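First up is the structure itself, then whatever we jot down about it.
Coordinate-derived values only; no laboratory data. Note that the structure is predicted; figures quoted are calculated from it, not measured.
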Amino acid sequence: MSDQCFLLKGNIEQKLLCLGCNARLGSFNWAGMQCSCGTWVNPAFQLHKNLIDECPL
């Protein structure tokens, strides 16, 4: 997300990319997305679990 003004241009959804290799890590949607249970979530962020490193606390 190099362009910080994407919302001003009307983009409400976009892919989340790795800054190092540009791999797709997920996406977000400021208007929201519907969960598999039927509930709407606003704003919505989706991450691909298999592409994210897990760091135990």
Quiz item: Got a sec to turn the phi values of the stretch 12-20 into Karplus ³J(HN,Hα) couplings, 6.51 cos²θ - 1.76 cosθ + 1.60 with θ = phi - 60°, whole Hz, x for Gly and Pro?
Solution: 9, 9, 7, 7, 9, 10, 5, 6, x
Quiz prompt | Extension reserve of the ASN50-ASN11 stretch, reckoned as 0.36 nm per residue once the Cα distance is removed | solution = 11.4 nm
Practice problem: Pull up all non-local amide H partners of LEU25: gap of 5 or more, or a different chain, and H-to-H distance under 5 Å with H placed in the peptide plane. | Solution: LEU16, LEU17, CYS18
Quiz prompt | Built amide H within the under 5 Å cut-off of GLY32, gap 5+ | solution = ALA44
